[in-house]
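Visitor: One structure follows; several queries about it will come next.
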């Protein structure tokens, strides 16, 4: 049994938005920085697991797709602000330290 074709629909949208902002010069090209932004943004969004992204798109209206785009854009902007604010600060101690 394989589950390779299961993914979170928002992952591609977030990655596409980060790439768009990177191309527009709004983000710096640092893979750790961009990965942190992706993780923080995805943690703000609901999980929408699908087998194929086209399955989700097929059943959405144009308005829903536009709304998802706006939500993802906002999540990436908020995540960028968060990562920038915490980027050079010391991490708090955790139980495992």
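All of the numbers you see were taken from the coordinates with simple rules; none came from a lab. Everything numeric here is computed off the predicted structure, so don't read it as measured data. Don't worry about glycine lacking a Cβ; one is built from the backbone with ideal geometry, like all the others, and counts go over all protein chains shown.
Visitor: What full-extension length gain, to one decimal in nm, is calculated for residue 49 and residue 82 as 0.36 nm per residue of separation minus the Cα-Cα distance? Intermediate results must be reported in sequence, preceding the final value.
Guide: On the way: separation 33, 0.36 × 33 = 11.88 nm, distance 2.55 nm.
Net length gain for the segment: 9.3 nm.
Visitor: Got the relative contact order for the range 7-86 handy, in percent, Cα pairs under 8 Å and 6 or more residues apart?
Guide: Details: 60 pairs, mean separation 37.4, N = 80.
Here the relative contact order equals 47 percent.
Visitor: Could you tell me the center-to-center distance, by alpha carbons, between the range 61-83 and the range 9-55 in angstrom?
Guide: Using only Cα atoms, the two centres lie 10 Å from each other.
Visitor: For each of 82, 68, count neighbouring Cβ atoms within 10 Å of the residue's Cβ, then give the residues from fewest to most.
Guide: Fewest-to-most Cβ neighbours within 10 Å comes out as 82, 68.
Visitor: Please compute the Kirkwood hydrodynamic radius of the range 15-94 from all pairs of different C-alpha atoms, in Å with one decimal. Let's see the in-between values first.
Guide: Values: mean 1/r = 0.0711 Å⁻¹.
Answer for the range 15-94: a Kirkwood hydrodynamic radius of 14.1 Å.
Visitor: Also: When 45, 62 are ordered from fewest to most other Cβ atoms inside 10 Å of their Cβ, what list results? Display every interim value, and only then the final one.
Guide: Values: 45 20, 62 7.
If I rank by nearby Cβ atoms, fewest first, I get 62, 45.
Visitor: Calculated from DSSP H runs of 4 or more alone, at -39500 (n - 2.57) each and per residue, what is the 222 nm mean residue ellipticity of the chain, nearest 500? It would help to have the intermediate numbers written out before the result.
Guide: Values: 4 runs with 60 residues, N = 97.
Rounded to the nearest 500, the figure is -20000 deg cm²/dmol.
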